1. Collect the residues in segment 112-147 that are in contact (Cβ under 8 Å) with a residue 60 or more places away in the chain, surrounded by fewer than 16 Cβ atoms within 10 Å (Cβ to Cβ) and not in a loop (DSSP other than H, G, I, E, B), keeping them in residue-number order.
2. On the basis of being modelled with pLDDT of 95 or more, in the same structural domain as ILE29 (by TED's automatic domain parsing) and touching a strand residue (DSSP E or B) at 6+ places or on another chain (Cβ under 7 Å), does VAL101 make the cut?
3. Does LEU46 meet the test of being in contact with a Lys or Arg (Cβ under 9 Å, 6 or more places away or on another chain), over 19 Å from LEU253 (Cβ atoms), of a type outside the set (Ser, Thr, Tyr) and in a helix (DSSP H, G or I)?
4. Could you tell me whether segment 128-143 includes any residue that is in the same structural domain as PRO231 (by TED's automatic domain parsing), under 20 Å from ASN218 (Cα atoms), within 21 Å of the chain's Cα centre (by Cα) and β-branched (Val, Ile, Thr)?
5. Counting only residues that are in contact with a helix residue (DSSP H, G or I) (Cβ under 9 Å, 6 or more places away or on another chain) and among the β-branched types (Val, Ile, Thr), which one in segment 231-247 is farthest from the ligand (Cβ to nearest atom)?
6. Across segment 189-210, which residue is nearest to ALA37 (Cα to Cα) among those that are in contact with a helix residue (DSSP H, G or I) (Cβ under 8 Å, 6 or more places away or on another chain) and more than 12 Å from the ligand (Cβ to nearest atom)?
7. From the list ALA158, ALA187, ALA193, ALA144, which residue is among the small types (Gly, Ala, Ser) and touching a Pro at 6+ places or on another chain (Cβ under 9 Å)?
8. Which one is nearest to ASP209 (Cα to Cα) among residues in segment 169-188 that are charged (D, E, K, R) and more than 10 Å from the ligand (Cβ to nearest atom)?
Amino acid sequence: MEVREYVALRKEEIRASVRGLTKKPRLIIIQLNDDPASNAYVRGKLKDGAELELDVRLDKLPESTSEEELLLKVKEYNEDPEVDGLIVQLPLPKHIDEAKVKLAVNPSKDVDGFHPLTSFVPCTPKGIVEYLEHEGFQFQGKNAVVVGRSNIVGKPMAKLLLSRNCNVTQLHSKTSEEDKAFYLAHADLIVCATGRLYLLDHHYSYKPDAYIVDVGMNRGEDGKLHGDVEPNLPVKLQTPVPGGVGLLTRLALMENLIEAAK
Ligand code: NDP
């Protein structure tokens, strides 16, 4: 099933489960930047919230807000029993220590899953694994290759696949071309999260029954969004960009919020 179709289906289920709750789950998004990509992500979250009848609110603060003021805001929301989920939209202005802010969010409200003690699975890996599960991918004993090792995507993705008993190999910018070609050719599942336009293309070999998940979002010279993977590779399943992992990530966030509210 196409990602868009799957997401629409899951949204129906979420809507039904929200109707059964006595109070609408509330998510606060604190945003300090005004960059176009962040604005687009925030708009998406607000739209999902409205569509799913969730109480998603944006608290947009000036970029000049000090670290101390931001931490006070976070504390306020941490202590507010009406608030179920709290997100501080990244990136933060340079004068604010991102790590410090991530640690300040109450782990039981950390629906992004960034705190080391969080109760939640980070949204991008969670959304991907749930979709693959729905598509009938059998994780146990499969060769999974994760390209990229960021704290937000690559590392939690590898950890989650390992917990599903995949044989996980993690590639990065220091992996040799020869090794990359070898691991890709033997992969049953490839998750690519590098931010490098068409890093994986038809010059590599892939198993015909491989699943490829494209996390990358790169603005092409045509001004449009493109993935890390060249479209239409000869494999069993390849997620598109746009209309792929971005939607799965947003879905997982709403699921984490409902879990937080429960
Ligand atoms: P980072 O820049 O934090 O990490 C990129 C990773 O890719 C690094 O680990 C880097 O390796 C690796 N890398 C870079 N070049 C190569 C190469 N030539 N071969 C192999 N590995 C390479 O990015 P993120 O993980 O935050 O994001 C990755 C992409 O995913 C971006 O395009 C981002 O926009 C997108 N994204 C999409 C989301 C969605 O919801 N759809 C959510 C989050 C991210 P090294 O560690 O050695 O430097």
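1. Answer for segment 112-147, where residues must be in contact (Cβ under 8 Å) with a residue 60 or more places away in the chain, surrounded by fewer than 16 Cβ atoms within 10 Å (Cβ to Cβ) and not in a loop (DSSP other than H, G, I, E, B): just HIS134.
2. Criteria met by VAL101.
3. The answer is no for LEU46.
4. yes
5. THR239
6. Here the residue is LEU189.
7. When all the criteria are applied, what remains is ALA158.
8. Residue satisfying both the conditions and the ranking: ASP188.
The values are calculated or read from the model by the stated rules, or taken from the named source; none is laboratory data. In this text the structure is predicted, and so the values were computed from the model without any measurement. Positions of Cβ are generated from backbone atoms using ideal geometry, with glycine treated the same way; all protein chains shown enter the neighbour counts.
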